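Taking it in order: structure first as structure tokens, then the write-up.
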Amino acid sequence: MITCYSHNNDGHAAIQLFKEMRQMSFKPDNFTYTSVLAALALIADRERHCHQLHCVVVKSGTGLVTSVVNALISVYVKCAFSPLASSSSLMASARKLFDVMPEKDELSWTTIITGYVKNEDLDSAKEVFDGMDEKLVVAWNAMISGYVQKGLVFKVFEMFRSMHSLGIKHDDFTYTNVLSACADAGLFLHGKQVHAYILRTEAKPAWAFMVSVNNALITLYWKCGELEQARSIFDSISIKDLISWNAILSAYVSKGKIHEAKSIFDEMSEKNMLSWTVMISGLAQHGSGEEALKLFSKMKSNGLEPCDYAFSGAITSCAVLASLEQGRQLHGQLIRLGFDSSLSAGNALITMYARCGVLDAAYSVFLTMPCLDSVSWNAMIAALGQHGHGNQALQLYEEMLEERILPDRITFLTVLSACSHAGLVEQGKQHFNSMNEIYGISPGEDHYARLIDLLCRAGKLTEAENVIRNIPFEPGASIWEALLSGCRLHGNMDLGVEAAERLFEMTPQNDGSYILLANMFATAGRWDDVATVRKFMRGRGVKKEPGCSWLEVENKVHVFLVDDTVHPEVLAVYSYMAELVLRLRKLGYIPDTKYILHDMESEQKEYALSTHSEKLAVVYGLLKLPKGATIRIFKNLRICGDCHNAVKFMSKAEGREIIVRDVKRFHHFKDGECSCGNYW
DNA sequence: CTAGGGTTAG
């Protein structure tokens, strides 16, 4: 009965029964002690628990019985893993018990080895392992799994080969370990070789039942980019378990195949927290934030308590939607549920607050998180950069280095963007060079694109051109796009046309390049060329993504399109706008019609400017939000130059703080000025 | 006593 309780993870019930047994004067035997200790291993989490149990065992006279000592070692090992106890001293005690045991069995050896592996002391694990006369497959597997977790792939291969040459048969645990090591390290050829080896070695019928191996293969193949192969392995599994379903679900989600992911999700007869979490965050990133949030509440109404990862997905949805109120509510729930120390949720919150325009809140989450990882640092550096605080972003980066956190590829992307937004050309170049020289990370296309952007914004087009010529690989679309927008900004026609031509070849369906080129011609008054570009674009069936802006009012999101006729209160917006523009002009605002892409009468142009979605949204905010409240606007494209200017005047005329997030960065308008200092 | 499925940063 005690064993039964402990198998059901009910340690307390097991102990209660043990006490009753002793009260009724039944004498516990070796089996009793073994199963009670197994139960205690479930709940013991402090050093003194271990020592007390140790005394009980010694007094009972069972201190030399192998199964009892094994169970006691197991308690020490589990406790060592608890955050409330000192891992190294408990492992030392466990080791002492192990060393003086009169008779060790298989379990004794593997318990101590896996104990060391779990506590990340691979050297000690290896030392014990080497001392085994007859090494069991379980022990091999435990060692291998340790190397997998530490990312020591070649150690994994070494062990795998040794087993083979010593004639020890690999089992399904060995295979799954090796396959996932390959998948993690991106060693796809090795992974495929292992797959071939398994097919050669294993008899068909046994192979058919190795679900776990097939599950690991699904992951290996989708990570290689071979989604179809992953799917056909999934289809070939005769008895799929939940992990098989979750594996193929993550495959589709990670590759952005939301439609396929949804149909897998719907087909699943059993789902666990992981399935929901994968689907929610997948929707947040590749689908729609709204759908993700709907799924999150559906999950709760199905009676599942979301874990912190699920919250992270929901919070990300709020970041995408710029839905500050919902984000705040989720933050509140997180605190109530005791998840506020969660790393992943904290990281998601930093980004959510930053992308909703509340930099202070992002920073205070960052400061109060109990522990940080590179994601947290990257998120906060990115947040500062997006809000135009380049110097603070760089300062935080230095702090990160002082904390001995190694920068990764993404750190450099955020650092370069931060420099670019703030015009910190020299620092940006230095950091770019340090990537390879100090940290051994070779810059990718995206890093070069940001470097080009940095140079171009600062007007250093020739230098940018030189950099492009010396890129050690064929420059991709993002690089030419950075160059083109630089040319537009500084009116460099010839270079701009060249960049645009490359883009039309590489990404013919991307509307952005056509618009940039047309914009460049429009600024120069070359209306014939503007018309040609537009015709060319139409001829290729490319449509301009319509500009839209949105804001949250009373917990509801209001969307405005250019020249909006859909929003129910748009008439009030237009009439207030007409009156407001007059006041702005008295303050010195002059509509800048070079931002209109069609050639028309100048009065018409001025009217067209006044119907830009970001202006409509700001005016709606002025009408609806309480006096003095900050207006937060979000736009799907870059803010237009005239709007940028107009909003500056609006902030002054109305005495309001206005924050605009466009696709690239934030603008904080106050007292007629913008935080970007007109550098964007 | 060993394995296979998740999150957050651009």
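The values are calculated or read from the model by the stated rules, or taken from the named source; none is laboratory data. Quick caveat: nothing in here was measured; it's all calculated off a predicted structure. Glycine also receives a Cβ, built like all others from the backbone with ideal geometry; neighbour counts cover every protein chain displayed. Just so you know, the surface numbers come from the protein's heavy atoms only, side chains and all, with ligands and any DNA or RNA stripped out. Shrake-Rupley method; radii C 1.70, N 1.55, O 1.52, S 1.80 Å.
Here is a check on your reading of the model: is A:SER317 among the polar types (S, T, N, Q), modelled with pLDDT of 95 or more and more than 7 Å from DNA strand B (Cβ to nearest atom)?
Numbers: among the polar types (S, T, N, Q): yes; modelled with pLDDT of 95 or more: yes; more than 7 Å from DNA strand B (Cβ to nearest atom): yes.
Taking the combined requirement at face value, the residue satisfies it.
For the residues A:GLU501, A:GLU426, the requirement of being assigned to a helix (DSSP H, G or I), closer than 27 Å to A:LYS544 by Cα and more than 27 Å from the chain's Cα centre (by Cα) singles out A:GLU501. Condition (residue is free of Cβ contacts under 8 Å to residues at least 24 places away in the same chain and either closer than 22 Å to A:CYS674 by Cβ or of a type in the set (S, T, N, Q) (or both)) applied to the range A:466-474: is it met by at least one residue? Yes, the range A:466-474 contains at least one residue that is free of Cβ contacts under 8 Å to residues at least 24 places away in the same chain and either closer than 22 Å to A:CYS674 by Cβ or of a type in the set (S, T, N, Q) (or both). Scanning the range A:133-180 for residues that are open to solvent by less than 10 Å² (accessible area, probe 1.4 Å) and farther than 24 Å from A:TRP207 by Cα yields one hit, A:GLY146. Among residues of the range A:548-580 being touching a helix residue (DSSP H, G or I) at 6+ places or on another chain (Cβ under 6 Å) and of a type in the set (Val, Ile, Thr), the one that is farthest from A:THR630 (Cα to Cα) is A:VAL562.
List the residue pairs whose Cβ atoms are under 6 Å apart, where the first residue sits in the range A:71-88 and is over 22 Å from A:GLU106 (Cβ atoms) and touching a residue at least 40 places away in the same chain (Cβ under 8 Å), the second is part of a helix (DSSP H, G or I) and open to solvent by 10 Å² or more (accessible area, probe 1.4 Å), and the two are 6 or more positions apart or on different chains. Short answer, once both residue conditions are applied: A:ALA85/A:GLU47. From the set of residues in the range A:233-253 that are modelled with pLDDT under 95 and among the polar types (S, T, N, Q), which is farthest from the chain's Cα centre (by Cα)? Filtering first and then ranking leaves A:SER238.
The range A:523-642 holds strands (runs of 3 or more DSSP E) entirely within its bounds, and those carrying 3 or more residues that are among the aliphatic types (A, V, I, L, M) map to A:556-561.
Criterion applied to A:GLY115, A:GLY63 was being within 25 Å of A:SER162 (Cα to Cα) and either in a helix (DSSP H, G or I) or assigned by TED's automatic domain parsing to the domain that holds A:ALA13 (or both), and the one residue passing it is A:GLY115. Could you tell me whether A:GLY151 is assigned to a loop (DSSP other than H, G, I, E, B) and either assigned by TED's automatic domain parsing to the domain that holds A:SER250 or touching a residue at least 12 places away in the same chain (Cβ under 8 Å) (or both)? So A:GLY151 fits the description; yes.
Between A:GLY256, A:GLY289, A:GLY303, which is over 17 Å from A:GLN333 (Cα atoms) and either touching a strand residue (DSSP E or B) at 6+ places or on another chain (Cβ under 8 Å) or exposed (fewer than 14 other Cβ atoms within 10 Å of the Cβ) (or both)?
Details: A:GLY289 fails: either touching a strand residue (DSSP E or B) at 6+ places or on another chain (Cβ under 8 Å) or exposed (fewer than 14 other Cβ atoms within 10 Å of the Cβ) (or both); A:GLY303 fails: over 17 Å from A:GLN333 (Cα atoms).
Matching residue, one of A:GLY256, A:GLY289, A:GLY303: A:GLY256.
Sort out which residues of the range A:178-212 are assigned to a helix (DSSP H, G or I) and within 11 Å of DNA strand B (Cβ to nearest atom), and write them in order of number. Write out each step before concluding.
Residues of the range A:178-212 that are assigned to a helix (DSSP H, G or I), as a first pass: A:178-185, A:188-201, A:204-208, A:211-212.
A:VAL178, A:LEU179, A:SER180, A:ALA181, A:CYS182, A:ALA183, A:ASP184, A:VAL211, A:SER212 - these are the residues of the range A:178-212 that are assigned to a helix (DSSP H, G or I) and within 11 Å of DNA strand B (Cβ to nearest atom).
Only a single criterion out of (1) at pLDDT below 95; (2) closer than 24 Å to A:GLN285 by Cα; (3) more than 12 Å from DNA strand B (Cβ to nearest atom) is not satisfied by A:GLY256, namely (3). I'm trying to understand the selection: among the residues of the range A:419-429, which are surrounded by 15 or more Cβ atoms within 10 Å (Cβ to Cβ) and not β-branched (Val, Ile, Thr)? Within the range A:419-429, A:CYS419, A:SER420, A:HIS421, A:ALA422, A:GLY423, A:LEU424, A:GLN427, A:GLY428, A:LYS429 qualify. Contact annotation: no residue pair with Cβ atoms under 7 Å, 6 or more positions apart or on different chains, pairs a residue in the range A:250-273 that is small (Gly, Ala, Ser) with a partner that is open to solvent by 70 Å² or more (accessible area, probe 1.4 Å) and more than 11 Å from DNA strand B (Cβ to nearest atom).
A:TYR397 - would you say it is aromatic (Phe, Trp, Tyr) and open to solvent by 20 Å² or more (accessible area, probe 1.4 Å)? Walk me through how you get there before you give the answer.
Working: aromatic (Phe, Trp, Tyr): yes; open to solvent by 20 Å² or more (accessible area, probe 1.4 Å): no.
For A:TYR397, the condition - aromatic (Phe, Trp, Tyr) and open to solvent by 20 Å² or more (accessible area, probe 1.4 Å) - is not met.
Looking for something part of a loop (DSSP other than H, G, I, E, B), open to solvent by less than 20 Å² (accessible area, probe 1.4 Å) and out of contact with any Cys (no Cβ under 6 Å at 6 or more places or on another chain) - is there at least one such residue anywhere in the range A:68-79?
First, pick out the residues of the range A:68-79 that are part of a loop (DSSP other than H, G, I, E, B): none.
Taking every residue of the range A:68-79 in turn, none turns out to be part of a loop (DSSP other than H, G, I, E, B), open to solvent by less than 20 Å² (accessible area, probe 1.4 Å) and out of contact with any Cys (no Cβ under 6 Å at 6 or more places or on another chain).
The set of residues in the range A:83-112 that are away from DNA strand B (no atom under 13 Å from the Cβ) and β-branched (Val, Ile, Thr) contains only A:VAL100. Among the numbered conditions (1) of a type in the set (D, E, K, R); (2) touching a residue at least 12 places away in the same chain (Cβ under 8 Å); (3) in a loop (DSSP other than H, G, I, E, B), the only one that A:ARG95 does not meet is (3).
Considering the range A:266-286, the residues that are surrounded by fewer than 21 Cβ atoms within 10 Å (Cβ to Cβ) and more than 8 Å from DNA strand B (Cβ to nearest atom) include one that is farthest from A:ASN302 (Cα to Cα), namely A:HIS286. Kindly indicate whether A:THR368 is within 13 Å of DNA strand B (Cβ to nearest atom) and β-branched (Val, Ile, Thr). It is false that A:THR368 is within 13 Å of DNA strand B (Cβ to nearest atom) and β-branched (Val, Ile, Thr).
Tell me yes or no: at least one residue of the range A:436-445 is part of a helix (DSSP H, G or I), of a type in the set (A, V, I, L, M) and surrounded by 15 or more Cβ atoms within 10 Å (Cβ to Cβ). The answer is no, given that none of the residues of the range A:436-445 is part of a helix (DSSP H, G or I), of a type in the set (A, V, I, L, M) and surrounded by 15 or more Cβ atoms within 10 Å (Cβ to Cβ).
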